[in-house]
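Okay, structure first, notes after.
The values are calculated or read from the model by the stated rules, or taken from the named source; none is laboratory data. Only a predicted model underlies this, so the values are computations on that prediction, with no experimental measurement involved. Every residue, glycine among them, receives a Cβ derived from its backbone with ideal geometry; neighbour counts consider all protein chains shown. Heads up: the accessible areas ignore ligands, DNA and RNA and are worked out on the full protein's heavy atoms, side chains in. Shrake-Rupley method; radii C 1.70, N 1.55, O 1.52, S 1.80 Å.
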Amino acid sequence: MSLTQRADAPAANGRATPLLGFGQVRHTRLKPARNAFAYPTYFLMLPMRSLHDGRADWADLAHNRSAALSFFDRDHGDGRTDALQWLDELLAREGITGADGEAWLHCYPRVLGYTFKPVSFWYCHRADGSLRCIVVEVNNTFGERHCYLLDQPRYGAELRADKVFHVSPFCNVEGGYRFRFMRAGDGDGARTVVRIDYDDAEGPLLQTSVSGTLTPATAAAIRRALWRHPAMTLGVIARIHWQAL
């Protein structure tokens, strides 16, 4: 299946639908010794504007309340209870105009009350559904957070940003990232791929990607996610440390 540009994820019966993506994380370190791994994963794809103006169908996904699988606004941005407000303030501060359409957030959920989100992606659209910008929200294991703003992105095109944030003790703050966002299809069965490659001062060092097939976040899909990966977010941080060793 070819991966091409799509605008927004669709709405069901006029209401935007939160989505779950089931897929895989891949990571390859190229030097000084090659090390590669791949893990199954799942993630959320959330229509944040529709959530906050009451147009989203969130009956099955816990929002800002405890559950086996849930989403909390305060896990993003500056920790306030309305992450969309934080996003709009960030875009205004950076001079981004016209991003008044849906803002789809690709992120990990909380599972059994715990979450660690190495990277999340805010897909900010214009009112006509076209993509205006992407905010890449990065967290490190030291409790710090930084955002990279990608202006005027295009699906399938390579986007670049200088590295300015410390993530790994094994990588210096130098060089830059190469991003590529791809998507095929709409709604149930759509596929999304995000690739992030990191080049240090000597050339390519890391190649990473997260991919998944999207499906509505129904009660059945949430049960399937919990059954397949009952401690997924704990597994994220555990695998980070295991691969570091």
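Worth a mention:
- Accessible surface of the stretch 35-115 [probe 1.4 Å, protein heavy atoms]: carbon and sulfur percent: 46
- Table column - 3J(HN,Hα) (Hz), the stretch 137-154, Karplus curve with 6.51, -1.76, 1.60, x for Gly and Pro: 9, 10, 10, 9, 7, 9, x, 9, 9, 8, 10, 9, 9, 9, 8, 6, x, 9
- Residues whose amide H falls under 5 Å from that of Leu205, counting only those 5 or more places apart or on a different chain, are Tyr198, Asp199, Asp200, with hydrogens built in the peptide plane.
- The stretch 150-227 - percent of accessible surface contributed by carbon and sulfur, probe 1.4 Å: 49
- Put simply, the amide H of Leu69, placed in the peptide plane, has neighbours under 5 Å in Leu112, leaving out anything fewer than 5 places away on its chain.
- Average accessible surface area per residue within the stretch 107-185, 1.4 Å rolling probe, Å²: 43
- Modelled label reach - Ala68, point 7 Å along Cα→Cβ, the stretch 15-47 residues with backbone N closer than 18 Å: 20-22, 41-44
- Label-point separation, Asp100 to Arg80 (7 Å along Cα→Cβ), nm: 1.9
- Taking every alpha-carbon pair under 8 Å whose residues sit at least 6 apart, the chain reaches a relative contact order of 22 percent.
- Summed residue charge, Cβ within 13 Å of Ile222's Cβ, Lys/Arg positive, Asp/Glu negative: +3
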